[in-house]
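The values are calculated or read from the model by the stated rules, or taken from the named source; none is laboratory data. Remember, it's a predicted structure, so these values are computed and weren't measured experimentally. Virtual Cβ from ideal backbone geometry, glycine too; neighbours counted across all protein chains shown. The accessibility values were calculated without ligands, DNA or RNA, using every heavy atom of the protein model including side chains. Shrake-Rupley method; radii C 1.70, N 1.55, O 1.52, S 1.80 Å.
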Amino acid sequence: MAQTDNALTRLLKSRDWLLADGATGTNLFNMGLSSGDAPEMWNVDEPAKITALYKGSVDAGSDLFLTNTFGGNASRLKLHDAQARVHELNKAGAEIAREVADSAGRDVVVAGSVGPTGDIMAPMGSLTHEIAVEMFHEQAEGLKAGGADVLWVETISAFEEFAAAAEAFRLADMPWCGTMSFDTAGRTMMGVTSKDMVRKVGKLAYPPLGFGANCGTGASDLLRTILGMTEAGPALPLISKGNAGIPKYHDGHIHYDGTPELMADYAQLARDCGAVIIGGCCGTTPDHLRQMRAALETRPKGDAPSHAAIVAALGAFSSESDGTDGAGPKRAARRGRRRA
């Protein structure tokens with residue numbers, strides 16, 4: 001029932017694109033969060049700032065937004081001696097989000113953010129499937145109790161961890177979406193390509209409502225990944241959440257160089273590439289989201305762009321190949337444009 005009748009499926013049936021939110025960390029740092037602190041603590045300690053974070057996305061036009069719970073699993077919270085507070089912190093983050101969504105005056109979906117555990121899956125690492133499922137399930141129950149409409153696992157590198165999250169979400173009886181981060185020459189850190197993901201998602205016993213890519217290297221690379229997924233013939237809606245440009249170190253902090261105008265072009269191209277749920281990741285602020293919304297509302301949908309068209313609009317790829325052609329990882333030559 002949860003998979004077929006929920007806030008997200010209803011919205012998807014009525015619209016041919018949805019605007020997701022932008023960055024969490026970038027915007028919280030702008031509000032005073034210190035590097036090294038756990039953002040999830042602010043769900044309890046600074047609820048007014050978390051309300052402002054969520055409202056920033058909703059007021060800019062987002063149809064769905066993620067909760068401030070990316071690092072809310074026991075393994076990540078243990079770094080802050082808060083592993084016993086998983087349910088509390090996730091429930092609090094979702095409760096604030098529920099209040100913001102319910103007061104929006106339109107349909108807005110609350111997506112419970114679930115990030116990676118930070119551990120490496122067995123046999124390469126110590127994280128077993130059973131432990132991963134247990135950690136994700138604990139977090140899922142907190143988000144469910146707080147009123148999340150769907151769960152949203154993101155920035156995953158190993159498909160085994162993605163699959164563990166799917167099983168945990170089934171145990172919680174919650175609909176879900178999921179994205180992986182293709183940040184290593186077009187592949188995830190654990191070697192998954194865009195077409196690999198489409199094939200593997202298609203075999204999940206408890207499939208998501210939508211899937212795709214987030215974060216990564218830059219908006220150009222991410223759209224090449226979305227094109228790879230589209231070419232593989234996915235049966236589910238695709239999600240595109242690209243970074244606002246490339247990170248640059250400036251005056252003691254990380255700054256993303258993508259302008260609102262560039263992210264507007266990215267949003268249009270993401271839809272043309274085949275994405276249905278379109279948002280931003282690192283560096284994306286409400287100013288970016290407003291321009292993205294305007295582009296999606298006013299610009300007509302076009303044909304799928306070529307690689308050359310993506311580069312011309314958003315900048316060069318970081319690697320020659322995204323791995324879908326069978327070629328191994330290879331960085332792009334240092335030049336301003338890439339051949340199609």
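FRET efficiency for the pair ALA309 and LYS248, taken as 1/(1 + (r/R0)^6) with r the Cβ-Cβ distance and R0 = 25 Å, rounds to 0.50. Available extension along the chain between ALA294 and MET189 is 34.4 nm, counting 0.36 nm per residue and deducting the alpha carbon span. All alpha carbon pair distances within the stretch 171-292 were sorted into 5 Å bins beginning at 0; the resulting P(r) in whole percents reads 2, 12, 22, 22, 18, 12, 7, 3, 1, 0. Helical content alone sets the calculated 222 nm signal of the chain at -12500 deg cm²/dmol, taking -39,500 (n - 2.57) per DSSP H segment of four or more residues and averaging over every residue. A simple spin-label model places pseudo-atoms 7 Å from Cα toward Cβ; at LYS203 and THR51 they are separated by 4.8 nm.
Enumerate the amide H contacts of TYR256 below 5 Å, restricted to partners 5 or more residues apart or on another chain; note that Pro and chain-start residues carry no placed amide H. Those lying under 5 Å, H to H, from TYR256 are LYS248. What the phi angles of the stretch 181-197 give under the Karplus curve with 6.51, -1.76 and 1.60, with θ = phi - 60°, is a coupling list of 10, 9, 10, 10, 6, x, 10, 6, 4, 9, x, 6, 9, 4, 6, 4, 5 Hz, glycine and proline written as x. The share of Cα pairs per 5 Å bin across the stretch 1-158, counted from zero up to the longest distance, runs 2, 9, 19, 22, 20, 14, 9, 5, 1, 0 percent. Taking 7 Å steps out from each Cα toward its Cβ at SER126 and LEU79 produces label points 1.6 nm apart.
Which order, highest average first, do 9-16, 39-46, 75-82 follow once you tally other Cβ atoms within 10 Å for each residue and take the mean per peptide?
Taking the mean over residues of other Cβ atoms within 10 Å, the ranking is 39-46, 75-82, 9-16.
About the centre of its Cα atoms, the chain shows a dipole size close to 1160 debye [charges on the beta carbon of Lys, Arg (+1) and Asp, Glu (-1) only; nearest 20 debye]. By accessible area, using a 1.4 Å probe on protein heavy atoms only, the stretch 157-218 has 52% of its surface on carbon and sulfur.
Accessible surface for the chain, divided over its residues, is 41 Å² per residue with a 1.4 Å probe.
Using a cut-off of 11 Å between beta-carbons, work out the net charge of the residues near ILE120 (Lys and Arg +1, Asp and Glu -1, ILE120 not included).
Working: positive: none; negative: ASP119, GLU160, GLU161.
That sum, taken over residues with Cβ under 11 Å, equals -3.
Using θ = phi - 60° in the Karplus curve 6.51 cos²θ - 1.76 cosθ + 1.60, the 3J(HN,Hα) couplings for the stretch 258-265 round to x, 7, x, 5, 5, 5, 5, 5 Hz; x is entered for Gly and Pro.
In the stretch 13-93, the portion of solvent-accessible area held by carbon and sulfur atoms comes to 50 percent [1.4 Å probe, whole percent, DNA, RNA and ligands not counted].
Overall size of the stretch 39-111 from C-alpha positions, given as principal axis extents largest first: 38, 19, 16 Å. In the chain, the inverse of the mean reciprocal separation of distinct Cα atoms equals 19.7 Å; this is its Kirkwood hydrodynamic radius. Couplings 3J(HN,Hα) for the stretch 156-164, derived from phi with the Karplus relation 6.51 cos²θ - 1.76 cosθ + 1.60 (θ = phi - 60°), are 8, 9, 9, 5, 4, 6, 4, 5, 5 Hz, where x marks Gly and Pro.
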